[in-house]
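Taken together, the values in this text are just the output of simple stated rules run on the coordinates, not laboratory data. Source: prediction; values computed, not measured. So basically every Cβ, Gly included, is an ideal-geometry build from the backbone, and we count neighbours across all protein chains shown.
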Amino acid sequence: MFHEKKETFPERKNSSLDDTPVCPDNMVDKSQSASFLAFGSLLFLRETRHKASGAFCLNNKMKTILVAGAGGFIGGHLVSELLKNKEFKVKAVDKKPLADWWQKHPGVESVSLDLQDMAACTEAVSGAHQVYNLAADMGGMGFIEHNKALCMLSVLINTHLLLAAKEAKVERFFFASSACVYAAEKQTRPDIPGLREADAYPAMPEDGYGWEKLFSERMSRHFREDFGLVTRTARYHNVYGPQGTWKGGREKAPAAICRKVAEAKLSGKHEIDIWGDGNQTRSFMFIEDCTKGSQMIMNSDIIEPLNLGSDEMVSINQLVDLAEDIAGIKLKRHYKLDAPKGVNGRNSDNTLIKEKLDWAPSIRLRDGLERTYAWIYDQIVTNAPCPVY
Ligand code: NAD
């Protein structure tokens, strides 16, 4: 069992993105020359736009935000959101080849690096003022249940990124943790109350994936306490939305169910396989709430891990009901009782995030699922690729 420890080291003074004067001169940051070559014309357009808006920022005073895992689902959306703020640059890194990234952003320095490697982390963090670590070897229950060692190896990513961030004197570091850190004994029934942040201890998280997340939370915490690196941690509860894995083995429940329902509609074979008895409960957070909340937590002064999830709890059967309703069909259900189904009940208690940020995820499951279903339906009918890695 872990024991809580008090802060022992003051956080390094952070100049937040909001209160830093932007671009007082026109000095060119030579370290970016390679990406300028690669994205020359597009970057020119973007710089011109900045100049026109009075925020021309091609100099070495401009803040850079690194998104690790930018080729993935949440990372891709986060880069999109960060780019809406024209006052800093975004650098995107992922292990996958660029062709397999869910979203590619013109004008963004996008690099393929394996962040389990220390030298790669040093390269990735170079020039960055903030780091969002969303890189992890992960997937839905079907993946994490059968790949515990791979999941735990993601510890190398966060550890090496923290070390590189400390060396580079990064101002803020965000770690994407998970509701899988919560103790198994708190999730034994479908009708459980929401999980409070304190419910992670005494520790007995999800084997493999959850232990790695809990360890990396602790590692982030101790870098803050011992080295003064400003670290922030969000515990995501099931995130869903377009532009993420929807087939191939790593997909999570909302994407898998949307795909199965869309396939049933298209094929006319009105049947569906459901993992478990369908009574297990979860909450699902739409991607827009996730990227908004992640930025709020990153820029807050909240040092403890915070739930970032919806508190609209549904059973998997209810999730299927919703998808059927959106598709306008009714399916015969086959329950796969030997398939991985995870804990019996899980929901986010949002008391703390409401208290600290006066905000919590609020996009209704029905609304987010409609958008997700429509996107997955399009992927199927257009025979779009879903990179398997
Ligand atoms: P994702 O699989 O779509 O994205 C993760 C990305 O990390 C992938 O693109 C992958 O290629 C990259 N990656 C893996 N190993 C890497 C390495 N060694 N070096 C560089 N990049 C590497 O997953 P996601 O849903 O976008 O999740 C993002 C983060 O949020 C992860 O840390 C995940 O554990 C966490 N999280 C997600 C959910 C969810 O429901 N999606 C829930 C809880 C926590």
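Worth a mention:
- Under a 5 Å amide H cut-off, with hydrogens placed 1.01 Å from N, THR281 pairs with GLY345, ARG346 among residues at least 5 apart or on other chains.
- Remark: the range 130-145, residue by residue, has Karplus-estimated 3J(HN,Hα) of 10, 10, 9, 9, 10, 8, 6, 8, 8, x, x, 3, x, 8, 5, 5 Hz, where x stands for each Gly or Pro and the curve is 6.51 cos²θ - 1.76 cosθ + 1.60 at θ = phi - 60°.
- Overall form of the range 278-389 per C-alpha gyration tensor (a/c, 1.5; a/b vs b/c): prolate
- A Förster radius of 30 Å combined with the Cβ-Cβ distance from ASP277 to GLU355 puts the calculated FRET efficiency at roughly 0.25.
- Residue order for TRP102, TRP375, fewest other beta carbons within 10 angstrom first, comes to TRP375, TRP102.
- Looking at the range 327-362, the trypsin sites (Lys or Arg not before Pro) that sit in a DSSP loop and have at most 14 other Cβ atoms within 10 Å of their own Cβ are LYS330.
- Rounded if a/c under 1.5, otherwise prolate or oblate - the range 267-341, Cα gyration tensor axes: prolate
- Label zone at ASP321, where the point sits 7 Å out along the Cα-to-Cβ direction: the range 356-373 residues whose backbone N lies under 13 Å: 366
- Out-of-range pairs (alpha-carbon distance over 32 Å; input LYS63/LYS260; LYS169/LYS356; LYS86/LYS265): LYS63/LYS260; LYS86/LYS265
- Tensor-based shape of the range 219-270 (alpha-carbon gyration tensor, a/c under 1.5 rounded, otherwise prolate or oblate): prolate
- Of LYS213/LYS292; LYS166/LYS252; LYS186/LYS247, pairs whose Cα-Cα distance is over 23 Å: LYS166/LYS252; LYS186/LYS247
- Length-normalised contact order of the range 282-377 in % [C-alpha pairs under 8 Å, at least 6 apart]: 46 percent
- Amide H contacts under 5 Å for THR233: PHE175, LEU306, restricted to partners 5 or more places along the chain or on a different chain, H placed in the peptide plane at 1.01 Å from N.
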